[in-house]
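Step one of this worksheet: look at the structure below.
The values are calculated or read from the model by the stated rules, or taken from the named source; none is laboratory data. Keep in mind the model is a prediction, meaning the values are calculated, not measured. So basically every Cβ, Gly included, is an ideal-geometry build from the backbone, and we count neighbours across all protein chains shown.
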Amino acid sequence: MRKAVGGMVNVALFSGGKDSMYSIMKAKELGVDVDTLLFVKLSLQQPSPHELNIHAVRILAEDLGLPLEVVELKGSHKDEALAEKLKELKAEALIAGDASLEDHLEWHERVCRRAGVDLLEPLFKRPAKPLLKEMVESGVRFTVIAVRSTPRADLLGVEVSKKNVGWFIEVCEEEGWDPLGEQGEYHTLINASPMLRSSYKYVVVEVVDRGAYGCTALLNVLRSNPPAPREWRGWQP
């Protein structure tokens, strides 16, 4: 596995959701080991679903055995703030989990040029439906923690796995959603992954109405099984 050298680190953007987790898995398969996780807090009218459940994100980071750094991005200075954070972390590469958002890719490219680091987007340009199926077949399970369409609040707390991913894709198609939720149609937290030592359950304790941003579940986190030895060499289809 290629590790960063000379005191440099490979940094992965990490929200605790399925895409950020799977991008770390795919990076590892490509020979890039992640050293540090970076949680991005955007200055929005409402906190993001992952920010509202940051306690769960911290638990997942601890399970991965990786430090979790936080950077807050405000207004027109977000490029500068993210680039400076990458410099502070002595990043050699940034790993991100975008699949289709060109503006996100362009933003990350711009920031990485400014910071002088490499960018790895292992999921980009992958077709959404096959990619979601591949994630789940690899052993990833995730829970829906937010939806942009309040009438679909019934999906909050639903765990998606091999057993029901077909049904979930049908729901996305019926609603006109991108199956990966790339346009913010829904947000997730990971229940299980081959890189995690434990699996987790999330209990919805409150649903927060976020107006134009839809609704978000506030969660309690339950560990489903004791930690397993940390050994994962990559998923083989």
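Being in contact (Cβ under 8 Å) with a residue 60 or more places away in the chain and either under 22 Å from His104 (Cα atoms) or not polar (S, T, N, Q) (or both), is that true of even one residue in segment 159-173? I'd like the intermediate steps shown before the answer.
Narrowing segment 159-173 to residues in contact (Cβ under 8 Å) with a residue 60 or more places away in the chain: none.
Scanning segment 159-173 turns up no residue that is in contact (Cβ under 8 Å) with a residue 60 or more places away in the chain and either under 22 Å from His104 (Cα atoms) or not polar (S, T, N, Q) (or both).
Could we say that Phe142 is assigned to a loop (DSSP other than H, G, I, E, B) and either outside the structural domain of Glu88 (by TED's automatic domain parsing) or surrounded by 15 or more Cβ atoms within 10 Å (Cβ to Cβ) (or both) here?
On the way: assigned to a loop (DSSP other than H, G, I, E, B): no; either outside the structural domain of Glu88 (by TED's automatic domain parsing) or surrounded by 15 or more Cβ atoms within 10 Å (Cβ to Cβ) (or both): yes.
Answer is no for this residue.
How about segment 34-67: which of its residues are among the polar types (S, T, N, Q) and in a helix (DSSP H, G or I)?
Step one: of segment 34-67, the residues among the polar types (S, T, N, Q) are 36, 43, 45-46, 48, 53.
Answer for segment 34-67, where residues must be among the polar types (S, T, N, Q) and in a helix (DSSP H, G or I): there is none.
Name the residues in segment 33-48 that are touching a helix residue (DSSP H, G or I) at 6+ places or on another chain (Cβ under 9 Å) and modelled with pLDDT of 95 or more, would you?
Correct list: Asp33, Val34, Leu37, Leu38, Phe39, Val40.
Identify the residue in segment 202-222 that is of a type in the set (D, E, K, R) and touching a residue at least 40 places away in the same chain (Cβ under 8 Å) and, among all such residues, is surrounded by the fewest Cβ atoms within 10 Å (Cβ to Cβ). Let's see the steps before the verdict.
To start, the set of residues in segment 202-222 that are of a type in the set (D, E, K, R) comprises 206, 209-210.
Filter once more, keeping what is touching a residue at least 40 places away in the same chain (Cβ under 8 Å): 209-210.
On the way: Asp209: 11, Arg210: 19.
Across segment 202-222, the extreme among qualifying residues is Asp209.
In segment 193-214, what residues are under 17 Å from the mean Cα position of the chain (by Cα) and modelled with pLDDT under 95?
none
Asp178 passes all but one of (1) buried (at least 17 other Cβ atoms within 10 Å of the Cβ); (2) of a type outside the set (S, T, N, Q); (3) without any contact (Cβ under 8 Å) to a residue 60 or more places away in the chain; which number fails?
(3)
Hey, among Ile190, Ile169, which residue is under 17 Å from Val136 (Cβ atoms) and either in a helix (DSSP H, G or I) or at pLDDT below 95 (or both)?
Exactly one of Ile190, Ile169 is under 17 Å from Val136 (Cβ atoms) and either in a helix (DSSP H, G or I) or at pLDDT below 95 (or both), namely Ile169.
Within the bounds of segment 65-81, is there any residue that is closer than 24 Å to Leu131 by Cβ and either in contact (Cβ under 8 Å) with a residue 60 or more places away in the chain or not assigned by TED's automatic domain parsing to the domain that holds Arg210 (or both)? Write out each step before concluding.
First, the residues of segment 65-81 that are closer than 24 Å to Leu131 by Cβ: 66.
The next check asks that each one be either in contact (Cβ under 8 Å) with a residue 60 or more places away in the chain or not assigned by TED's automatic domain parsing to the domain that holds Arg210 (or both); those that pass are 66.
Yes; the residues of segment 65-81 include at least one that is closer than 24 Å to Leu131 by Cβ and either in contact (Cβ under 8 Å) with a residue 60 or more places away in the chain or not assigned by TED's automatic domain parsing to the domain that holds Arg210 (or both).
Hey, any hits in segment 20-33 for a residue that's of a type in the set (Gly, Ala, Ser) and under 12 Å from the mean Cα position of the chain (by Cα)?
Taking segment 20-33 and keeping what is of a type in the set (Gly, Ala, Ser), we get 20, 23, 27, 31.
Now drop any that are not under 12 Å from the mean Cα position of the chain (by Cα), which leaves 20, 23.
Yes - at least one qualifying residue is present in segment 20-33.
Could you tell me which of the residues Glu72, Glu51, Glu29, Glu92 is surrounded by fewer than 23 Cβ atoms within 10 Å (Cβ to Cβ) and within 19 Å of Val117 (Cα to Cα)?
Working: Glu72 fails: within 19 Å of Val117 (Cα to Cα); Glu51 fails: within 19 Å of Val117 (Cα to Cα); Glu29 fails: within 19 Å of Val117 (Cα to Cα).
Only one candidate passes the filter, namely Glu92.
Quick one: in segment 110-129, which of the residues that are more than 14 Å from Asp19 (Cβ to Cβ) and touching a strand residue (DSSP E or B) at 6+ places or on another chain (Cβ under 6 Å) is surrounded by the fewest Cβ atoms within 10 Å (Cβ to Cβ)?
Asp118
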